[in-house]
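What follows is a set of notes on a single structure, which appears directly below.
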Amino acid sequence: NAGVTQTPKFRVLKTGQSMTLLCAQDMNHEYMYWYRQDPGMGLRLIHYSVGEGTTAKGEVPDGYNVSRLKKQNFLLGLESAAPSQTSVYFCASSYRGQGTSGDYNEQFFGPGTRLTVL
Amino acid sequence: DQQVKQNSPSLSVQEGRISILNCDYTNSMFDYFLWYKKYPAEGPTFLISISSIKDKNEDGRFTVFLNKSAKHLSLHIVPSQPGDSAVYFCAAGLLYNFNKFYFGSGTKLNVKP
């Protein structure tokens, strides 16, 4: 199993350009997430999806759009990139929550995409 | 306003000793807590979790303690090893809320040989 994979690993954009980050998981997970990590800020949730065809906003959704046309893929789009979107982007997936003890609720993360917007 | 806080950006420990990483949260409704470990240029990897029905969970050298009244959790690593050197993130959220978690800013642990 490859787990969670992200494409591309690195990208440099100019202000105003657009791009799409691709996340794929082969664990048949229901839930998928996009985070950004900035120095001193930890991981902040951008958008998430609880199933194929569904998406929802997280903490910092402005400037991003997402789509989940297939269960295994979750795409993050930047329509008009800004320098403030320079960050490391992580995709994650998880099972639907199970059990009162909370087992199997953890998220599995991809290796990240380092994006620089000039 | 950050709902999960890790107030120590870094921690240095001698190999073989105990490492204690701390985390505080503000939302008393949170009922599920996790610790992740992250090496440079890699994604976070899950380490250990605890639900609010427990106050302690152990997995090998790693133990997580939860103090609900203080809204505080900690991760103990005993004994610490050089390979444990990494950034550790704590996370918290509501069970059954689509596994959405709030993450702290991380603590960089350095275990010296």
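Test A:Phe108 against the criterion of being in contact with a His (Cβ under 8 Å, 6 or more places away or on another chain) and of a type in the set (A, V, I, L, M, F, W, C), and give yes or no.
Yes: the conditions hold for A:Phe108.
State whether the residues of the range B:60-77 include one that is open to solvent by 10 Å² or more (accessible area, probe 1.4 Å), among the β-branched types (Val, Ile, Thr) and within 13 Å of chain A (Cβ to nearest Cβ).
Within the range B:60-77 (the criterion being open to solvent by 10 Å² or more (accessible area, probe 1.4 Å), among the β-branched types (Val, Ile, Thr) and within 13 Å of chain A (Cβ to nearest Cβ)), the answer is no, since none of the residues qualifies.
Among the residues of the range A:91-109, is there at least one that is open to solvent by less than 10 Å² (accessible area, probe 1.4 Å) and in contact with a Lys or Arg (Cβ under 8 Å, 6 or more places away or on another chain)?
no
Please tell me if B:Lys54 is on the phi < 0 side of the Ramachandran plot, free of Cβ contacts under 8 Å to residues at least 12 places away in the same chain, open to solvent by 30 Å² or more (accessible area, probe 1.4 Å) and not polar (S, T, N, Q).
In short, no.
Looking only at the range B:14-25, which residues are surrounded by 19 or more Cβ atoms within 10 Å (Cβ to Cβ) and among the hydrophobic types (A, V, I, L, M, F, W, C)?
Within the range B:14-25, B:Leu21, B:Cys23 qualify.
Just to be sure I understand the filter: pairs with C-beta atoms under 8 Å, separated by 6 or more residues or on different chains, first member in the range B:5-16 and within 12 Å of chain A (Cβ to nearest Cβ) and over 20 Å from B:Pro79 (Cβ atoms), second member of a type in the set (Gly, Ala, Ser) and not in a strand (DSSP E or B). Which pairs pass?
B:Lys5/B:Gly104; B:Lys5/B:Ser105; B:Gln6/B:Gly104; B:Gln6/B:Ser105; B:Gln6/B:Gly106; B:Pro9/A:Gly40; B:Pro9/B:Ser105; B:Pro9/B:Gly106
So B:Gly43 clears everything in (1) without any contact (Cβ under 8 Å) to a residue 40 or more places away in the chain; (2) more than 15 Å from A:Gly42 (Cβ to Cβ) except one condition, right? Which one?
(2)
Take the range B:87-113 and flag every residue that is open to solvent by less than 10 Å² (accessible area, probe 1.4 Å), out of contact with any Ser or Thr (no Cβ under 9 Å at 6 or more places or on another chain) and more than 10 Å from chain A (Cβ to nearest Cβ).
Passing the criteria: only B:Ala92.
Out of (1) among the acidic types (Asp, Glu); (2) over 13 Å from the mean Cα position of the chain (by Cα); (3) open to solvent by less than 70 Å² (accessible area, probe 1.4 Å); (4) modelled with pLDDT of 95 or more, what's the single condition that is false for B:Asp31?
For B:Asp31, the exception is condition (4).
The values are calculated or read from the model by the stated rules, or taken from the named source; none is laboratory data. Bear in mind the structure is a predicted one, so any value in this text is a computation, not a measurement. Quick reminder, even Gly has a Cβ in these numbers, built from the backbone with ideal geometry, and neighbours come from all protein chains shown. When the accessible area is computed, the model is the full protein with side chains, heavy atoms only, and any ligands, DNA or RNA have been set aside. Shrake-Rupley method; radii C 1.70, N 1.55, O 1.52, S 1.80 Å.
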